[in-house]
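First comes the structure, then the notes that go with it.
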Amino acid sequence: MAVQLFFYAILALTAQNVIFCGGVGFSRVLRAARRPKILLSYAGLLSAFTLISAWMGIALNQLVPGISPAAFYRPAIFAGCVAVVYLLAALLYRMFFAARYKRLEPVFSSSAINCIVLAMPFIQRVFRMTGWQITGYAIGTGAAFFTAALVLSHAMERLKNPDMPKAFQGLPSVFLYVGILSMALFGFAGGKLF
Amino acid sequence: MQQLMIQKPPFLRSGQTVSTMMKDMLLALALLLPLPTVHYGTHVLWVAAASVASCFISEIAACMIAKRQVDISELSSVVTGLIIAMLMPPLAPLWLPVLAGAFAVLAARVPFGFTGNNPFNPAAAGVAFVTVFWPQRVFSFSEPSAASVLKEGLKPNQIPSEMLWGTDGGAIGTTAVLVVAACAVYLIVKKTVSWRITVCFLAAAGLMALLFPRIMVTPLTSLKYELLSGSLLFCSVFLITDPVTSPRTHVGKALYGAVAGVLIMLMRRYGAFEQAACFAVLLMNAVSPVIDSFVIAVTARREARRNEQQ
Amino acid sequence: MSSNKKKPKAESQLMEKGGRRSSARGSKKTMHKRLIKESTGIFLNGLVFRNPVAIGALGLFPVVGAGYTMQNAAVLSLMMLVIMLPVCLLSGWMKIPVWIRPAAALVLSGVMYLPAAALAKWLMPQAFSALSIYAVLMIGNSIILSRANDYAPSHITLAVLMDSLGCTAGFSAVIFLVAALREIWSNIVKDTGGVYHAGAYPFVGFLLLGVIAALIQHTNAKRAAAERKAK
Amino acid sequence: MISFFSSGIRLEQQKSRTMKAKILALPAPEVLYVPLPGAQALTDRCVRAGETVLRFSQLSMPGSHVAVTSPVSGTVTGFQALPHPVRGMVDCAAIRQDSEEQELTLRAPGMEHAPDELIRLAAAAGIIDEYDGIPLFKKLKRLRRMKIDWLGANVLDDEPYVCSGLAVLRENPQGVQQGLELAALAVGAKKTGIAVVSSFRARSYSRVSGQIADLLVGSGGRYPARPGLLKRLRRQGHRPGLVGVQALEAFAQAAERGIPQTTTVITVAGEGVSRWQNLRVPLGMPIEDLLSACGRKKRTVVIAGSPITGNRVEELSAPVTADLRCLIVLPEAMQTVKVFPCIGCGKCEAACPVGIMPWDIYRRLQGQEYPDAGQLLRADLCCACNACSVVCPSGLDLSGAVARAMEIKERG
């Protein structure tokens, strides 16, 4: 059990890296990289929400199997569930950890509602992962998000140099950086996720 | 690059400047050319010339567009061209190194600021780009190379000592193991390359080969096969030790080399291609600033603690 | 991440919610003319000068992940049009506290996803099924969410309408351009004996986006320089 | 842990050519500009313009600095401030030398060697330490207050071309050893030693032998030698102090025959000069005469103090002072440097003897104008040895950046 969990976590980090090989949630990584101070809690929050959405995905896939007519409405239902989860979490934070919530205010909503969280049930269905595997995968994705944001924040520090051509300063160089980095992940046969 | 008169001390500078370091690298790379030319014919020289020409011309074009002063004395684009040529197959079509060189300079070097600021090793980025899209062409060696046989989990038919002379299949510069070792010693003695990265890289790769052999042989022969096959040795001397993209602190360099060794062995075992050197180098270049700031944070904390004791 | 943190000059406070009452100085006609000028300004901002994808780095996921054939690009930009307009307008009218707004936007875009998916399935069924996850994840698209959360509440409906139109146009312009280039690239690689669907890999999308963003930034800089020289 | 790796840089010394010949004593020129350190006010000066002075007669007796005596007999033509490469502006007494050599007869001081007596003698004899320009009596007082238990003769000529210390050690080893004993007595240090850059080179050049040879303490042959040596001695449990070798020799002469310090040994070397020599010259001699004595070539640059930490000599009429250890003359062609962006090789961190990371400081200062002082690690420990700028392959001014960082850190 733990081996599968660990194996799928490593898989999420390397071959099936959602961010670089799937191109999912890159704007969130960029936002986290621009705020190095709260990067750790941002990644923690995001992996928590990913975990919850993974388990919700399992429940959803069992309740509404693929062949049933309601399958068409499944994404909308799941979006509603994620919204409800976000509201609950926001209420919880405002009640108990008001100070920390004040600090995390700008990133809280974007860590709860983003493409990574919404993609979880789909990944679970397409790659036919069992309960433990999707848990490992969700944790791995959280870790992948944290490493991507950490690497990007250090890279952006280095990309602010004067003798870079004017046109590439700022965002375009970050795009090229991530392009080459996701090419590097190709070595793990992680070319294309979906 | 500007030429200035020295106004402030020190008035004596060490003879080693960036251009002498680049000249040493060029000399070491040029030493790698004769053996494959003898073995495979003059097509190898054409591949090298095409790669260097494409890097140089795209560098000049980029300088023209960015309206920067083109400085010839700093030869880093020529070195990138030669490293790319060394990783090409001996009978490669000429457009392959040209495309790799163009991508290396135009995508990995120029947009990030020219010499000192490229986050990725341009040669590794160029070769990786070409490997991703034309794998059959990049790995089209005359006889199947030891790395591809190892990938399938079989024992290569050459015995390790035979592989020293660089007569078996493989990229241009990577098969002549003895010449690469000689270049390594030359560069380390001339202090162009820091020995810490190379030694830790080979130690970590060797350890991984000893502990987790890919083929059913005694660990020692597995070690010999892994180290002598593919472009691992060439990468340990030329690709991974590029000072711009490797960490600055000494401890950081050692850590960087070790993690790179482990990564390259993992990529060889689970990766998509037989030669994973370029991909491992690119991944490690992304992680190198993180290693650096980790080492600096540790020294800062230790220094703060020492200040309290006084 | 809303890309117009600092108020752009063209956005006069005329377009601010409640801005109309405070600036009733000019006559009806000049007010009308200024409205038209501002709205075209917002539209052009959304389309080119502050392109949400290339400059704001929003909604990259469909462009990078799915934008490798023209069909995909067409389906996705259609769905974007159908989802974005109502969501932005509705969230503009709703009066709810700030921290509930993202959840409301998500539910709204989830609801709007259904007609969009039905329309896309009806128009191009084969392309829609090939898209699979990318069509589903249009719900959480960060362009829609950030526009709905940050831009819509603080602007009048006309501005919100023009802005969402501009963003949709910008998004589809970028995704069509990227899709065209990637299709050309896959053909080139296939002809020269490389891998199939070479354009489908995400890193090709990232590299192309980088180049496009650089071009846009270059034109912006030149435009700004021309403006400064004109002053 | 970082300082363990960093141990300074190895420079090829180019000393053998200068050490071939013995120290050449140059006669005093027509007009001598004797520097009077610390004697700005008229009251401190003992002579007025127009007076004739004998050799060794008192020129200035300032309270806080050393007493200066005249190296030649002649008439004082006037007082003027001359620019000086190492110390900016220096007040000098211009003395025109007349033909006959009258000498003030001096009597040897009493033989009892109480520490205070010795320190007053060092002040009266006008002895200045040639390595840092501090008067010997102030240095002895400070070392006594620090209660050091190991006193060393400072023969650390770790820069290329410079070998004035080694030449003095070869000329007069007994004088140096005797001066060392006296200084140890004055400071109350139990153990003494002769600190050299590498004991092998000291034995071969200075032909030191026998009883003095076992006093030699080598510092490992790397530049900068001083921080590494002091750290090693502290690790062995000593509390070390260093005094210049020329100051000790002058101290021995002053105690034995009562002669004040009026001459100093200067190394004149470098590709820009044809004869590489050690010259013993009277204090106050213009630098031009030294250069013409050694045959300076055209289109060359003169550097005073040290080839690595000294600075350029603009006016050649500047007088020779006691702390001018060497004059390095280099051709202008050698003085151009190609500046590249930092390629992050880490050589400057290996070169720094106190474990600073100059590349990190350079990057932070280049980034924003006022980085917060917390990020500039250990910048206040810098000993200004310029080893990082010497070793940088990109020709960057790292020592300037670290100096700016030190100032930012002090300003807070």
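Rule-based calculations on the coordinates, nothing more; no lab input. Predicted model, so just to flag it, every value in this text is computed and none were measured. Every residue, glycine as well, gets a Cβ built from its backbone with ideal geometry; the counts of neighbours run over all protein chains shown.
Do the alpha carbons of any pairs in B:LYS8/C:LYS231; D:LYS22/D:LYS297; B:LYS67/B:LYS190; C:LYS28/C:LYS95; D:LYS15/D:LYS191; D:LYS298/D:LYS409 sit beyond 32 Å of each other, and which pairs? Could you put the intermediate results ahead of the total?
Working: B:LYS8/C:LYS231 44 Å; D:LYS22/D:LYS297 23 Å; B:LYS67/B:LYS190 35 Å; C:LYS28/C:LYS95 29 Å; D:LYS15/D:LYS191 30 Å; D:LYS298/D:LYS409 44 Å.
Table pairs above 32 Å Cα-Cα are B:LYS8/C:LYS231; B:LYS67/B:LYS190; D:LYS298/D:LYS409.
Any chance you could check the Cα centroid distance between the range D:118-167 and the range D:176-241 for me, in angstrom?
13
Rounded to the nearest 0.05, what FRET efficiency do B:ASP71 and A:LEU88 give with R0 = 51 Å and r taken as the Cβ-Cβ distance? Could you check? Mind dumping the intermediate values first?
Working: r = 61 Å, r/R0 = 1.20.
Efficiency, rounded to the nearest 0.05: 0.25.
Which residue, chosen from D:GLY241, D:GLY74, D:PRO260, occupies the Cα position most advanced towards the positive end of the dipole of chain D, where the dipole is computed from +1 (Lys, Arg) and -1 (Asp, Glu) charges on Cβ about the Cα centre?
Of the listed residues, the answer is D:GLY241.
Arrange D:ASP158, D:ASP214, B:ASP168 by Cβ neighbour counts within 10 Å, fewest through most, would you?
Working: D:ASP158 25, D:ASP214 10, B:ASP168 20.
Fewest-to-most ranking of D:ASP158, D:ASP214, B:ASP168: D:ASP214, B:ASP168, D:ASP158.
Return the average number of partner chain Cβ atoms within 10 angstrom of each residue Cβ along peptide B:286-293.
On the way: counts 12, 4, 5, 8, 6, 1, 7, 6.
Averaged over the peptide's residues, the number is 6.
Can you run phi through the Karplus equation (6.51, -1.76, 1.60; θ = phi - 60°) for the range D:132-149 and list ³J(HN,Hα) in whole Hz, with x for Gly and Pro?
Computed from phi, the couplings for the range D:132-149 are 10, x, 8, x, 5, 5, 5, 5, 4, 4, 5, 5, 5, 5, 6, 6, 7, 10 Hz.
Expressed as a whole number of Å, what is the distance separating the alpha-carbon centroids of the range A:120-178 and the range C:45-108?
21
What is the set of long-range amide H partners of C:LEU58 at a cut-off below 5 Å, with H atoms built 1.01 Å from backbone N?
Distant-sequence amide H within range of C:LEU58: C:VAL53.
How high is the relative contact order of the range C:61-216? Use alpha-carbon pairs under 8 Å, at least six apart in sequence, and give a whole percent. Could the numbers behind the result be given before it?
Values: 177 pairs, mean separation 60.4, N = 156.
Once normalised by length, the contact order is 39 percent.
Relative to the longest principal axis of the C-alpha atoms of chain D, give the angle of the C-alpha long axis of helix D:245-257, reported between 0 and 90° and rounded to the nearest 10°.
20
Go through A:ALA138, A:PHE175, A:ASN161 and say which Cα lies farthest out towards the positive end of the charge dipole of the range A:77-192; charges sit on Cβ, +1 for Lys and Arg, -1 for Asp and Glu.
Selected residue: A:ALA138.
Enter the mean number of other protein chain beta carbons within 10 Å of the beta carbon of each residue in D:396-403, as an integer.
1
What percent antiparallel are the DSSP beta bridges of chain D, to the nearest 5?
Numbers: 37 of 57 bridges.
Within chain D, antiparallel bridges account for around 65 percent of the total.
Chain D: longest stretch without exposed GluC sites (Glu not before Pro) (DSSP loop, at most 13 other Cβ within 10 Å), sites themselves excluded?
D:113-313
Where in chain B are the DSSP H helices whose C-alpha atoms run 27 Å or more along the long axis and whose mean Kyte hydropathy is at least 1.6?
Numbers: long enough: B:43-65 (33 Å, 1.76); B:250-270 (30 Å, 0.85); B:277-309 (46 Å, 0.47).
Span-like helices here: B:43-65.
Of A:PHE188, D:PHE56, A:PHE127, how do they rank once you tally other Cβ atoms within 10 Å and put the fewest first? Show your work: numbers first, answer last.
Working: A:PHE188 24, D:PHE56 20, A:PHE127 15.
Listing A:PHE188, D:PHE56, A:PHE127 from fewest to most nearby Cβ atoms yields A:PHE127, D:PHE56, A:PHE188.
Rounded to the nearest whole Å³, what is the per residue volume of the convex hull around the Cα atoms of the protein assembly as shown?
Numbers: hull volume 267.1 nm³, N = 1147.
Each residue corresponds to 233 Å³ of Cα convex hull volume.
With θ set to phi - 60°, apply the Karplus curve 6.51 cos²θ - 1.76 cosθ + 1.60 along the range A:42-50 and write out the HN-Hα couplings as whole Hz, x wherever there is a Gly or Pro.
Computed from phi, the couplings for the range A:42-50 are 4, 5, x, 4, 5, 5, 4, 4, 4 Hz.
Roughly speaking, what is the stretch gain from B:GLN2 to B:LEU26, that is 0.36 nm per residue apart minus the C-alpha to C-alpha distance, in nm to one decimal? Let's see the in-between values first.
On the way: separation 24, 0.36 × 24 = 8.64 nm, distance 2.21 nm.
Full extension from B:GLN2 to B:LEU26 adds 6.4 nm.
Run the quick spin-label model on C:LYS222 and B:ILE60: label points 7 Å from Cα toward the beta carbon, then report their separation in nm to one decimal.
Calculated label separation equals 2.5 nm.
Can you sort D:SER198, C:SER27 by how many other beta carbons sit within 10 Å, fewest first? Write down the numbers at each step before the final one.
Values: D:SER198 17, C:SER27 9.
Listed from fewest to most nearby Cβ atoms, that is C:SER27, D:SER198.
Along the charge dipole of chain B, Cβ charges K/R +1 and D/E -1, which of B:HIS250, B:VAL127, B:ILE60 sits furthest on the positive end?
In chain B, that residue is B:HIS250.
Under 23 Å Cα-Cα from C:LYS29, which lysines qualify once same-chain neighbours fewer than 8 residues away are excluded?
Within reach: C:LYS9, C:LYS17, C:LYS37.
Pull up the cross-link candidates among the lysines for B:LYS155, meaning alpha carbon to alpha carbon under 25 Å and not fewer than 8 places away within one chain.
B:LYS224
What size of dipole, in debye to the nearest 20, comes out for chain B about its Cα centre when the only charges are +1 on Lys and Arg C-beta atoms and -1 on Asp and Glu C-beta atoms?
Values: 22 positive and 14 negative charges, 170 e Å.
With only Lys, Arg, Asp and Glu charged at Cβ, the dipole is about 820 debye.
Let's see if you can work this out: charge +1 on each Lys and Arg Cβ, -1 on each Asp and Glu Cβ, no other charges. What is the dipole magnitude of chain A about its Cα centre, in debye to the nearest 20? Walk me through the numbers before you get to the answer.
On the way: 16 positive and 3 negative charges, 78 e Å.
Rounded to the nearest 20 debye, it is 380 debye.
Enter the Cα centre distance for the pair the range D:251-319 and the range C:158-210, rounded to the nearest angstrom.
73
For chain D, which cysteines have no disulfide-compatible partner, meaning no other cysteine Cβ under 4.7 Å?
So, D:CYS46, D:CYS92, D:CYS163, D:CYS294, D:CYS326, D:CYS342, D:CYS345, D:CYS352, D:CYS382, D:CYS383, D:CYS385, D:CYS392.
Please list, by residue number, every one of the trypsin sites (Lys or Arg not before Pro) in the range D:113-154 that is coil in DSSP and has at most 12 other beta-carbon atoms within 10 Å.
Answer in residue order: D:LYS147.
Can you tell me the orientation of helix C:70-93 relative to chain C, as the angle in degrees between its alpha-carbon axis and the longest Cα principal axis, to the nearest 10?
Relative to chain C, helix C:70-93 is tipped by roughly 30 degrees.
Taking the 0 to 90 degree range and rounding to the nearest ten, how far is the long axis of helix A:74-96 tilted relative to the main principal axis of chain A, both from C-alpha atoms?
70
Just want to confirm a number: the relative contact order over chain A, from Cα pairs under 8 angstrom separated by 6+ residues, in percent. Kindly include the intermediate steps, with their values, before the conclusion.
On the way: 199 pairs, mean separation 89.7, N = 194.
It comes to 46 percent, rounded to a whole number.
Which distance in nm do the two modelled labels at D:ASP372 and B:LYS155 give, with both placed 7 Å along the Cα-to-Cβ direction?
For D:ASP372 paired with B:LYS155, the spin-label model returns 6.2 nm.
Report, in debye and to the nearest 20, how large the dipole of chain D comes out about its Cα centre when Lys and Arg carry +1 and Asp and Glu carry -1 on their Cβ.
Values: 49 positive and 39 negative charges, 273 e Å.
For chain D, the charge dipole is close to 1320 debye.
Fully extended, how many nm does the chain gain between D:HIS113 and D:GLU100 (0.36 nm per residue separation, minus their Cα-Cα distance)?
Length difference between fully extended and current span is 1.1 nm.
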